[in-house]
Amino acid sequence: MAQTATRSYSLSNPVIKKAAFGAGGQPSAGVETKGLRNRIIQAAPATCSGSLGDPVINVDFGAGSIPGGPLAPGITTLQYATNCPDDGYYTITNNSGNCHDTWHTVTQDHTGNANGYFMLVNASNDPSVFFTQQAPVLCDNTTYEFSAYVLNLITLAASNSTVHHPDIQFSVETTDGSVLATFDTGTILPTASPEWVKESLFFTTPAGSAQVIVKMINKAPGGNGNDLLLDDITFRACGPVIQTGFTTVTANSPQNQCVGETKTYTLKSQIGTGYTNPQIQWQQNKNDGNGWIDITGETADSYTFTIAAGTLGTYQYRLAAAEGSNISSAHCRVFSDPLTVNVSAYPVVPAIPPQESCLGDVVTLTASGGATYEWSGPGITAGNKNQNPIIFDAVTTADQGSYSVVVTSTAGCSTTALTTLNVHLKPVATVDEPVHTICAGNSEIISVSAPDATNFSWVPTTGLSDPSVSNPIANPTVNTVYTVTATNDYGCTDVKTVTVNVLPLPVANAGANKKIFEGQSVTLNGSVQNGDVFYWTPTDYLSDPQSLTPVANPVSDITYTLHLTSTFNCGSTESSVFVRVYKKIVIPNTFSPNGDGRNDFWDIEALVTYPQCLLTVYNRNGQQVFKSIGYDHPWQGTYNGSPLPSGTYYYVLDLKSGAPLLSGWVVIVR
């Protein structure tokens, strides 16, 4: 809080009391002065320790988006700014940030309302009136509190001997300008964090001072500092302590009543010292928009009333007090704290659906709509009856039955709800054969029996003829564990598994086809999988028909077959390889086409057996002199029908059999 060493009050009335009502309702540390004018009394700040009236003046600056609008003309001598006011200006806002780094950042009014406005003042060098307003008609011999919440905007870190801090004079004057009372806050010191301080002036009206003007005047210079916030400026009566309660003055907690009940209440009151002729009046506020209304004829220290059934709402009662005939003026009364009767509706409890559960399931019973719950039923114990929800970790048939819950609101009104819990047995599933073994490509029936089940579901569905029956046909391609769920009419289930192991089929591979020339041999490249008995057929020309890699030297084309029998009794298989045997080609390197009937042709033995072969002959210059596809007519050593001269010629022979090209030379002798 802001620190002040002393506070000053200036009194200029025939009878002025400066101080607060103490425990008995009179101003504490009070000083009464008669026949004095302009006397200064040094004292600590005062607060009303008695009861307060409704505000005669109540300025909270409203709430909303920033900036707030300007004050009405005549309220202040400062100039209005929409943001970050300079010296001699003010604004209405709810955020002091983004203006000066020497200021506190305040983002809510003193009540904590983030949208609530406050008045941000950047005081001028010259004296100025921060706030002034005329009060309505007041009552004689009545003490009033003139107060406001003030916050020094200058941070403690930014303060030094050259910085000015707020110093505000609270003043009460007559309408002709005569000063009735003043109060000087003194310097409101800076703080490390934003702190609102309530500053108050108390004075008692003398006779004939029915209307007054209240002012808050700047006493500190502006320029460097003297920046502040103002909020909740009020002016209201202060009187003795008023105690009220239900039956006794100390029983003032709110009373709760349910809408279906009828109850009678008696209110008691006690007024502390302070009035010489105290008068009282009981008031009621039904919170229906009409506010506080006097209860006709209820002016005694106790009040008895009845609230009938069906009267829903919040009802408040308070006692007004004033000095003598001042009780007739709302501006002169002080009030007790309100007493409250809450007439509450019975809690609305949504229907709790019946629970259909299976033996061993986790079951939850849940009610809603209240503050407390009390359950009863077969599964309820002293330890869980007030829990909500009720949780059965593994429900049993002993938990089956009817349940009720009493649902009670925070106001103590109760509603009872009912539900039932049925516990059903689970189906018992049995697999006929838990493990099946099949050969790849084969199938087998897998089955489960569950007399009480009405639905079956197998997963995975891969390889099953129908996953929704108890006995599907299974033909998976790999080892598979099938899970079957058997379900009865109540949704209760039992789960079992069936494993189907898939044995691989034997695989034989006789290898790639082979090509050899007559008289050559070749190794067969057989391989097998998933089998342990194998052999070749036919066995002709094989070195070992029971070897995967026998040596074959057939004299003609032949097909060999590799036979394999499964290791796992999954049948047999076979694979074949074709061995092509080409006839041996004999190419003479000399012939003499001279017409003597001997060796006149280039006769290549067995070449006629290669009808697709291509034979080309070239002279030593690379010129093609002969070409033949097939060799039905042997070459006579001619080119275009004319004999070629003796000499060496070169040939290339492509048998078109996949065999390598044959090349060489041949000599023509004439």
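The values are calculated or read from the model by the stated rules, or taken from the named source; none is laboratory data. Values in this document were obtained by computation on a predicted structure and should not be read as measured data. Because the Cβ atoms are built from the backbone with ideal geometry, glycine has one as well, and the counts that use them run over all protein chains shown.
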note = With the first residue restricted to region 228-244 and required to be within 13 Å of I57 (Cα to Cα), and the second required to be aliphatic (A, V, I, L, M) and assigned to a strand (DSSP E or B), Cβ contacts under 6 Å at 6 or more apart or on different chains are I233/V59; I233/A148; F235/I57; F235/V214; R236/L52; A237/V334
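Per-residue answers, yes or no, for (1) in a loop (DSSP other than H, G, I, E, B); (2) under 19 Å from T493 (Cα atoms); (3) outside the structural domain of S572 (by TED's automatic domain parsing); (4) at pLDDT 95 or above:
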| site | (1), (2), (3), (4) |
| --- | --- |
| E374 | no, no, yes, yes |
| I380 | yes, no, yes, yes |
| N384 | yes, no, yes, yes |
| N388 | yes, no, yes, yes |
| V405 | no, no, yes, yes |
| G412 | yes, no, yes, no |
| A417 | no, no, yes, yes |
| T437 | no, no, yes, yes |
ask   = Going by the structure shown, is F534 touching a strand residue (DSSP E or B) at 6+ places or on another chain (Cβ under 8 Å), exposed (fewer than 15 other Cβ atoms within 10 Å of the Cβ) and either in a strand (DSSP E or B) or among the basic types (K, R) (or both)?
value = no
request  = Among the numbered conditions (1) at pLDDT 95 or above; (2) surrounded by fewer than 14 Cβ atoms within 10 Å (Cβ to Cβ); (3) assigned by TED's automatic domain parsing to the domain that holds Q520, tell me where T565 comes up short.
outcome  = (2)
ask   = When you look at F170, is it in contact with a Phe, Trp or Tyr (Cβ under 9 Å, 6 or more places away or on another chain) and over 30 Å from T107 (Cβ atoms), yes or no?
value = no
request  = Of the numbered conditions (1) touching a residue at least 40 places away in the same chain (Cβ under 8 Å); (2) part of a loop (DSSP other than H, G, I, E, B); (3) not small (G, A, S), T477 fails exactly one; give the number of that condition.
outcome  = (1)
request  = Answer yes or no: is there a residue in region 384-401 that is in contact (Cβ under 8 Å) with a residue 40 or more places away in the chain and either in contact with a Lys or Arg (Cβ under 7 Å, 6 or more places away or on another chain) or at positive phi (or both).
outcome  = no
inquiry  = Exactly one condition in (1) touching a residue at least 12 places away in the same chain (Cβ under 8 Å); (2) assigned to a loop (DSSP other than H, G, I, E, B); (3) more than 60 Å from the chain's Cα centre (by Cα); (4) surrounded by 14 or more Cβ atoms within 10 Å (Cβ to Cβ) is false for C570; which is it?
reply    = (3)
message = Going by what's in this entry, would T493 be described as at pLDDT 95 or above, surrounded by 17 or more Cβ atoms within 10 Å (Cβ to Cβ), over 22 Å from A659 (Cα atoms) and in the same structural domain as V459 (by TED's automatic domain parsing)?
response = yes
query = What strands (runs of 3 or more DSSP E), lying completely within region 39-94, carry at least 1 residues that are at pLDDT 95 or above?
reply = 57-59, 89-93
task = Those residues that are closer than 16 Å to R318 by Cβ and of a type in the set (K, R), I need them from region 242-299; list them, please.
result = K268, K286
inquiry  = Being small (G, A, S), surrounded by fewer than 18 Cβ atoms within 10 Å (Cβ to Cβ) and touching a strand residue (DSSP E or B) at 6+ places or on another chain (Cβ under 7 Å) is the filter here; which residues of region 625-657 pass it?
reply    = S628, S646, G647, S657
note = Selection from region 226-261 of residues more than 30 Å from T191 (Cα to Cα), within 45 Å of the chain's Cα centre (by Cα) and of a type in the set (A, V, I, L, M) yields V259
ask   = Out of the residues in region 604-620 that are more than 20 Å from S646 (Cα to Cα), in a loop (DSSP other than H, G, I, E, B) and hydrophobic (A, V, I, L, M, F, W, C), which is modelled with the highest pLDDT?
value = C613
task = Run down S49, S65 and say which single residue is over 30 Å from R318 (Cα atoms) and among the small types (G, A, S).
result = S65
